[in-house]
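Scroll down for the structure; my scribbles are underneath it.
Readers should treat all values here as calculations from the given coordinates under stated rules, not as data from a laboratory. All figures in this text were calculated on a predicted structure; none of them were measured in a lab. Cβ placement follows ideal geometry from the backbone for every residue including glycine, while neighbour counts extend to all protein chains displayed.
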Amino acid sequence: MTAPTEKTMNFGLRYASVFELNASGSPAASSTTAYEGLQFKGSTAFELNIPDSRKITGLGEDGVTQVVYLPPNEAIDGKLNVEATDQNILALLDGTKIRTEGEATLMGLGTNRQGYEPQGALLLYQEAVGLETGKQYWHSYIIPSAKVVRKAHGMTSDKGVTVYQVAPNRTGKHLWEQAFTNAIEGFLSAQVIEAWSNNPLRVTTFLGDGVEDEFLFPTDFPVVDVASVKVYVNGVIATPTVTTTKITFAVAPADEARIFVLRDYAG
């Protein structure tokens, strides 16, 4: 299946997830079991704020002689609204732990960990419709590295909504560790990657153990188009055998090898 090129109308928020990152800034897969981050259940809106460029106006002879636009002084940021509470995500993003006391779980707010929250990565997508054909597509944002800070909600007669402030970092590589290049992307660093696809995207990660040569995708999310799957090992393209349910290497990846699969699935 070829990559989409049709003009689209994009709407809604179908999926949002966060990846824990390891010390090298890559998704923290810990075993040969697939890791696809943690989904924000109940996500309702993602607001992406793109700062205005700086306008420099040259004057002379009672008029404008030239107008120049320079990069903004502010970075891109965002805000994610989520209605469901997931304590595992809260602990991950706050950089704290969950304490169990009797039948209660306890977490802190306003702790000394503020300002020291760990970096994470985000994958979000929404539905899109082709303007010429009416075909269904998917529009995604991939944020390879970001500080994600939550603002807990109070208590009213209305439902509670947790707001996550998202501050993307400028990075020089994709979430699967492949470096940006002028020859391929046309840039060397970015805060956010925007994507369009025929089916919803997933980034599936594994950690090699030097023995296992077969890596299974999550059972509920098989691949739709095998030909579109891209596999990277430590940021370098690899060519294992790909089926709808797994990838198989001719030689087992080395111990601690970081394996990344950019793939679609039946949404």
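Tabulated data for the structure shown
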item	result
Loop GluC sites (Glu not before Pro), the range 90-154 (other Cβ atoms within 10 Å of the site Cβ: 12 or fewer; DSSP)	Glu103, Glu132
Length gained when the stretch Gln39-Ser24 is fully extended (0.36 nm per residue, less Cα-Cα span)	3.2 nm
Rounded FRET efficiency, nearest 0.05, which uses the C-beta distance separating Gln119 from Asp62 and R0 of 51 Å	0.50
Net length gained if the chain between Thr181 and Ala3 were fully extended (0.36 nm per residue, minus Cα distance)	62.1 nm
Distance (nanometres) between label positions extended 7 Å along Cα→Cβ at Asp255 and Ser31	1.8 nm
Helical mean residue ellipticity (222 nm; -39500 (n - 2.57) per DSSP H run of 4+; nearest 500) of the chain	-1000 deg cm²/dmol
Within straight-line cross-link reach of Lys230, lysines at Cα separation under 25 Å, skipping those fewer than 8 residues along the same chain	Lys7, Lys135, Lys173, Lys246
Inter-centroid distance (Cα atoms) of the range 216-260 relative to the range 28-94, Å	30 Å
Candidates per trypsin sites (Lys or Arg not before Pro) in the range 140-243, loop by DSSP, up to 11 other Cβ within 10 Å	Lys159
DSSP-assigned coil residues among chymotrypsin sites (Phe, Trp or Tyr not before Pro) in the range 143-242, each with at most 10 further Cβ atoms within 10 Å	Phe187
Mean separation of Cα contacts under 8 Å, 6 or more apart, over the residue count of the chain: relative contact order %	20 percent
Correct option for Cα Rg over 2.2 N^0.38 Å [calculated from the coordinates] among (1) 1.15; (2) 0.94; (3) 1.08	(1)
